[in-house]
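Inspection log for the structure reproduced underneath, given as structure tokens.
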Amino acid sequence: MMSRKGNQLNPSSIRPSSIIPDNTCNQKRRSDMTAPPPNPKPEKRRILEMHAVFLGHDTRGDNKISIRHLGHCLRAMGATPTEAMVSKHVRQYEASTMQRISFDEVMGIYVSLGKHGGMSSSKRKQIEADQFVSSLKLFDTDNSGWISAIRLRRILTKTGERMGSMEVDELLQGRINKEGLVDYKQLVHDIIHG
């Protein structure tokens with residue numbers, strides 16, 4: 001058992017093989033308290049595919065990409081990082097004055113993303129789709145399954161992780177009906193399930 005001194009643990013009494021739960025404090029086992037391990041490194045065939053994607057983002061031919069293209073590259077490789085995750089890595093590289101990064105560095109970031117590194121499972125995709133549909137349903141005032149393309153454009157360009165106007169144009173191309181409405185459930189389904 002771990003000895004306590006006031007409210008702090010005494011590190012000298014902790015041995016990895018002897019950590020057991022303290023029923024009085026409802027502590028979890030040490031292995032339950034650690035962060036989940038990162039994704040394992042992908043298999044060789046997948047790494048070659050990812051390297052080809054990476055090289056598509058190399059604009060100088062020096063086998064490196066600009067840190068500004070990190071998010072696009074990771075997403076093209078199949079990762080699903082949030083903009084906040086990407087910004088964190090970009091800031092770290094900017095702080096070290098690095099403007100271009102190698103494939104190995106991008107792969108290190110990819111692997112470190114953990115659950116966001118790999119493609120989403122079908123169950124995870126369905127949960128994400130349901131969350132997006134629920135959010136957009138707030139703007140479906142008559143519960144018809146359709147929302148105004150103008151309103152959807154405003155949502156996508158002004159809130160959360162904002163999209164650019166050109167990205168929204170591309171996304172909504174062919175999806176707006178004669179009344180200027182978008183079937184948001186179908187839109188979400190097509191985005192999530194590709």
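The values are calculated or read from the model by the stated rules, or taken from the named source; none is laboratory data. Nothing here was measured: the structure is a model prediction, and the numbers come from that model. Cβ: placed from backbone, ideal geometry, glycine included. Neighbour counts: every protein chain shown. With ligands, DNA and RNA removed, areas are computed over all heavy atoms of the protein, side chains included. Shrake-Rupley method; radii C 1.70, N 1.55, O 1.52, S 1.80 Å.
Tallying residues that are of a type in the set (A, V, I, L, M), in a helix (DSSP H, G or I) and over 13 Å from the mean Cα position of the chain (by Cα) within the stretch 61-104 yields 3. Within the stretch 41-55, track down each residue that is within 11 Å of V106 (Cα to Cα) and free of Cβ contacts under 8 Å to residues at least 12 places away in the same chain. Correct list: empty.
For the stretch 137-167: of the residues being in a helix (DSSP H, G or I) and within 25 Å of R124 (Cβ to Cβ), which is least open to solvent (accessible area, probe 1.4 Å)?
L152
Screening the stretch 56-72 for residues that are touching a strand residue (DSSP E or B) at 6+ places or on another chain (Cβ under 9 Å) and without any contact (Cβ under 8 Å) to a residue 12 or more places away in the chain and picking the one that is least open to solvent (accessible area, probe 1.4 Å) gives D58. Can you find a residue in the stretch 112-129 that is surrounded by 12 or more Cβ atoms within 10 Å (Cβ to Cβ), at pLDDT 85 or above and either out of contact with any Gly (no Cβ under 8 Å at 6 or more places or on another chain) or closer than 19 Å to G56 by Cα (or both)? Looking through the stretch 112-129, none of the residues is surrounded by 12 or more Cβ atoms within 10 Å (Cβ to Cβ), at pLDDT 85 or above and either out of contact with any Gly (no Cβ under 8 Å at 6 or more places or on another chain) or closer than 19 Å to G56 by Cα (or both). All but one of (1) touching an Asp or Glu at 6+ places or on another chain (Cβ under 8 Å); (2) under 30 Å from D62 (Cβ atoms); (3) among the hydrophobic types (A, V, I, L, M, F, W, C) hold for I192; which doesn't? I192 satisfies every listed condition except (2).
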